[in-house]
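Report on the structure given below.
The values are calculated or read from the model by the stated rules, or taken from the named source; none is laboratory data. Only a predicted model underlies this, so the values are computations on that prediction, with no experimental measurement involved. Reconstructed Cβ throughout: ideal geometry from the backbone, glycine too, with neighbour counts over all protein chains shown. Areas reflect the complete protein model, heavy atoms only, side chains present, ligands, DNA and RNA absent. Shrake-Rupley method; radii C 1.70, N 1.55, O 1.52, S 1.80 Å.
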Amino acid sequence: MGRKSKSGGCCGWLIVALVLLLVVIAVVYGVKKKLEPDDVIVVPGPPGAVEKKYANALKVAVQFFDVQKSGKLEDNKISWRGDSALQDGSEAKLDLSKGMYDAGDHMKFGFPMAFTATVLSWAILEYGDQMDAVNQLEAAQDSLQWITDYLINAHAEANVLYIQVGDPETDHGCWERPEDMKEKRPLTQVNTSSPGTEVAAETAAAMASASLVFKKSDPIYSTTLLEHAEQLFSFADKHRASYSKSIPDVKPYYNSTGYGDELLWAASWLYHATGDKLYLHYVSGKNGKYFANWGSPSWFSWDDKLAGTQVLLSRLTFFGEIDSSNSVLQMYRKTAEAVMCGLIPDSPSATTSRTESGLLWVSEWNALQHPVASAFLAVLFSDYMLTSRTTELLCDGESYKPADLRKFAKSQADYVLGKNPLKMSFLVGYGDKYPEYVHHRGASIPDDATTGCKDGWKWLDSEDPNPNIAVGALVGGPFLNETYIDSRNNSMQGEPSTYNSALLVGLLSSLVTTSSAVQSFT
């Protein structure tokens, strides 16, 4: 009887303890629900489940950088590409053989190439873990370094930067493979006599952001990049002049509409790379007042970096790296919020610059640049909100969530990948249907053909599809009426560019997994 009674007593106490535990859990849960709003955002952790569609598209998109590489190719992954432009820079006793060709031609334009590097760095810094989850991080870093190696050599002296290799008139007068080029490749530089603030500042931004990418893996290289970045920023700031005015010949190709945005962009990246508050004061003081254009949303592009700067500086207030009460940084963030409100389709301040199917549409030339760039910024801002537990974005009194921004970003990515009236992917090599007549010399000429500058034009006019696939190329995109003419002569719609690819790689990297918390750059 005694033994039985003792067992019964233990069971009774166990039941009582379990009941008390359940009561405590219920009370704690109830208190927590009262203290927290119903729509508290769950902060994501490491990369979640892989989104196969975006992962596959990313694997395709990163390959375009290999297609565009100049110089002696190492571990060449593109069967129809070979060494080219090995003597670039020799007239100045420099090695400018690396870098990337700008688009379907063989020019090396420093301004958009540096922007390509800055955007690619940003994508790696924010979403490198997601790239790594699908084995694309190493490829992205390799492509970035191919550009930054070139930029280091192009910055020959503290106040001298070579900004162009090749003569556009001569280059555009030929249709040939880069491996067969025999024309002269003259160099163009900015210096104290012919300054170029925007191109020097953009190159500084590229090197500062890349220094963060390589900070842990190659600290010596990272330090070298940062030294160049600081020198270039000083040059850009002290010798202020638009390169379009100093060198009028650049106007027909990458004409700059102003350099203030590049100065703020570069200073923002230098602050992130160095932690030096002088750069923070630069964007917060008179330069911000002169150049930031607070309260006026703009489109992010190779020519206008203001929206990118606003989102980048918003990072500081989202994550408490800078006191969120900083009034000037709040002005950057408020403008970034206005940019976001313009992108969400049902926002009261939504832009009407869209096709009937919902693609942002700003320009008939290179139409996909703006929707892809905007979508990249939108998903960044969404992830900043998500990671910092910011529950809402107010647009003229209407409330939106991070998920609304991500939904918009996905809609633009999906359009590019084939969810459009044409049911065609604008990313070459992705899906069952994509452009076959891309305006790209190397892709259009058989790799065993022997042609020179002039006799290669027959390949431009050929009615056959390109013999080589410019895998990863993001073509210019549709007209406003959502039509696309797949013709090699249609450069307006059919020519790809490296900077478009950098933006797309950033966007796809952000969507590769279902969730991921953004982290500190340092």
Practice item. Could you give me the residue pairs with C-beta distances under 6 Å whose first residue belongs to segment 68-91 and is part of a loop (DSSP other than H, G, I, E, B), whose second residue is open to solvent by 70 Å² or more (accessible area, probe 1.4 Å) wherever it lies, and which are 6+ apart or on separate chains? Key: TRP80/ASP447; ASP83/LYS72; GLY89/ASP95
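For (1) open to solvent by 80 Å² or more (accessible area, probe 1.4 Å); (2) in a loop (DSSP other than H, G, I, E, B); (3) free of Cβ contacts under 8 Å to residues at least 40 places away in the same chain; (4) touching a Lys or Arg at 6+ places or on another chain (Cβ under 7 Å), each residue gets a yes or a no:
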| site | (1), (2), (3), (4) |
| --- | --- |
| TYR430 | no, yes, no, no |
| HIS439 | no, yes, no, yes |
| LYS454 | yes, yes, no, no |
| PRO465 | no, yes, yes, no |
Review point. Is one or more of the residues making up segment 251-268 surrounded by fewer than 24 Cβ atoms within 10 Å (Cβ to Cβ), free of Cβ contacts under 8 Å to residues at least 60 places away in the same chain and assigned to a helix (DSSP H, G or I)?
Key: yes
Review point. Of the numbered conditions (1) in contact (Cβ under 8 Å) with a residue 12 or more places away in the chain; (2) of a type outside the set (Lys, Arg); (3) surrounded by fewer than 19 Cβ atoms within 10 Å (Cβ to Cβ); (4) more than 25 Å from ALA85 (Cβ to Cβ), SER209 satisfies every one except a single condition; which is it?
Key: (3)
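Residues checked against (1) closer than 17 Å to LYS305 by Cα; (2) open to solvent by less than 10 Å² (accessible area, probe 1.4 Å):
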position: ALA336; (1), (2): yes, yes
position: TYR384; (1), (2): no, yes
position: GLY397; (1), (2): no, no
position: TYR400; (1), (2): no, no
position: ASN420; (1), (2): no, no
Study note, to complete from the structure: Residue hits (segment 280-296; of a type outside the set (Ser, Thr, Tyr) and out of contact with any Asp or Glu (no Cβ under 9 Å at 6 or more places or on another chain)) are LEU280, HIS281, VAL283, GLY285, LYS286, GLY288, LYS289, TRP294, GLY295
Review point. Across segment 269-291, which residue is farthest from GLU321 (Cα to Cα) among those that are buried (at least 19 other Cβ atoms within 10 Å of the Cβ) and not hydrophobic (A, V, I, L, M, F, W, C)?
Key: GLY288
Review point. Quick one: in segment 106-127, which of the residues that are outside any helix (DSSP H, G or I) and open to solvent by less than 10 Å² (accessible area, probe 1.4 Å) is farthest from LEU187 (Cα to Cα)?
Key: HIS106
Study note, to complete from the structure: Given (1) modelled with pLDDT of 95 or more; (2) assigned to a loop (DSSP other than H, G, I, E, B), THR391 misses just (1)
Check your understanding: Got at least one residue in segment 396-406 being within 21 Å of the chain's Cα centre (by Cα) and outside any helix (DSSP H, G or I)?
Key -> no
Review point. Within segment 187-206, which residues are open to solvent by 50 Å² or more (accessible area, probe 1.4 Å), farther than 13 Å from VAL250 by Cβ and not β-branched (Val, Ile, Thr)?
Key: SER193
Practice item. Report yes if MET331 is of a type in the set (A, V, I, L, M, F, W, C), open to solvent by 40 Å² or more (accessible area, probe 1.4 Å) and modelled with pLDDT of 95 or more, otherwise no. Key: yes
**Study point:** Matching residues, segment 292-327, being crowded, with 18+ Cβ neighbours inside 10 Å, free of Cβ contacts under 8 Å to residues at least 60 places away in the same chain and part of a helix (DSSP H, G or I)
**Key:** LEU306, THR309, GLN310, LEU313, LEU316, THR317
Check your understanding: Across segment 48-68, what is the number of residues that are open to solvent by 10 Å² or more (accessible area, probe 1.4 Å) and in contact with a strand residue (DSSP E or B) (Cβ under 9 Å, 6 or more places away or on another chain)?
Key -> 5
Practice item. Go through ILE147, ILE163, ILE152 for me and flag whichever is surrounded by 24 or more Cβ atoms within 10 Å (Cβ to Cβ), of a type in the set (Val, Ile, Thr), farther than 24 Å from PHE376 by Cβ and at pLDDT 95 or above. Key: ILE163
**Study point:** Subset of segment 218-232 [in contact (Cβ under 8 Å) with a residue 24 or more places away in the chain and either of a type in the set (Val, Ile, Thr) or open to solvent by 40 Å² or more (accessible area, probe 1.4 Å) (or both)]
**Key:** THR224, GLU230, GLN231
Check your understanding: Which is farther than 27 Å from PRO47 by Cβ, hydrophobic (A, V, I, L, M, F, W, C), at pLDDT 95 or above and open to solvent by less than 20 Å² (accessible area, probe 1.4 Å), of ILE445, ILE485?
Key -> ILE445
Study note, to complete from the structure: Selection from segment 69-89 of residues open to solvent by 10 Å² or more (accessible area, probe 1.4 Å) and touching a His at 6+ places or on another chain (Cβ under 9 Å) yields ALA85
Revision key, fill the gap. A careful count of residues in segment 488-519 that are more than 17 Å from GLY104 (Cα to Cα), in contact with a helix residue (DSSP H, G or I) (Cβ under 9 Å, 6 or more places away or on another chain) and surrounded by fewer than 18 Cβ atoms within 10 Å (Cβ to Cβ) gives 3
